[in-house]
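Undergrad: Structure incoming, see below.
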Amino acid sequence: MEEHIKTLKKLAALNEPIKIDQTTDYNFSVIEDLLNLQYIESVVSRPISTPPTYFNVKITLLGRTWLSDIQSSDSSLDIVELKPNIMGFGINLNALYRWLKRKKI
């Protein structure tokens, strides 16, 4: 998942669509995952004898939204909370569940 986030950040920083082929440093399985999730869009050429080439690769609005949600949820994730209650602290089970779920992916 870290590779997916890194790839989306690189694509979000670009101002124009790019071409991704075997000479670039992008991971093809990550690009395929992002295409299937519709976080990026591209025109794909899949010749039989060579690896695929992705033309006009750019991040979609869905991809930008997901990336911003991931970045904002990392900073606002408080699993242990200090609140007035019987023992003096509590556990935010929703935040713990989201954190565990994200770590498994």
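Undergrad: Scanning for something in contact with a Pro (Cβ under 8 Å, 6 or more places away or on another chain) and farther than 30 Å from residue 101 by Cα, does segment 3-20 turn up at least one residue?
TA: So far as segment 3-20 goes, no, none of its residues is in contact with a Pro (Cβ under 8 Å, 6 or more places away or on another chain) and farther than 30 Å from residue 101 by Cα.
Undergrad: Kindly list the number of the only condition in (1) surrounded by fewer than 13 Cβ atoms within 10 Å (Cβ to Cβ); (2) part of a helix (DSSP H, G or I) that fails for residue 43.
TA: Answer for residue 43: the failing condition is (2).
Undergrad: Now a separate question. Applying the selection to segment 6-40, what residues are more than 16 Å from residue 53 (Cβ to Cβ) and part of a loop (DSSP other than H, G, I, E, B)?
TA: Passing the criteria: 14, 15, 16, 37, 38, 39.
Undergrad: Among the residues of segment 52-102, count how many are hydroxyl-bearing (Ser, Thr, Tyr), modelled with pLDDT under 90 and assigned to a loop (DSSP other than H, G, I, E, B).
TA: Total satisfying the criteria: 1.
Undergrad: Among the residues of segment 6-40, write down those that are surrounded by fewer than 11 Cβ atoms within 10 Å (Cβ to Cβ), under 18 Å from the mean Cα position of the chain (by Cα) and farther than 14 Å from residue 63 by Cα.
TA: Result: 25, 29.
Undergrad: Does segment 26-34 contain any residue that is in contact with a helix residue (DSSP H, G or I) (Cβ under 8 Å, 6 or more places away or on another chain) and within 13 Å of residue 67 (Cβ to Cβ)?
TA: yes
Undergrad: Can you run down the residue pairs with Cβ atoms below 7 Å, 6 or more apart or on separate chains, where the first is in segment 16-41 and among the polar types (S, T, N, Q) and the partner is surrounded by 14 or more Cβ atoms within 10 Å (Cβ to Cβ)?
TA: 38/60
The values are calculated or read from the model by the stated rules, or taken from the named source; none is laboratory data. Remember, it's a predicted structure, so these values are computed and weren't measured experimentally. In this analysis, Cβ positions are derived from the backbone assuming ideal geometry, glycine residues included, and neighbour counts consider all displayed protein chains.
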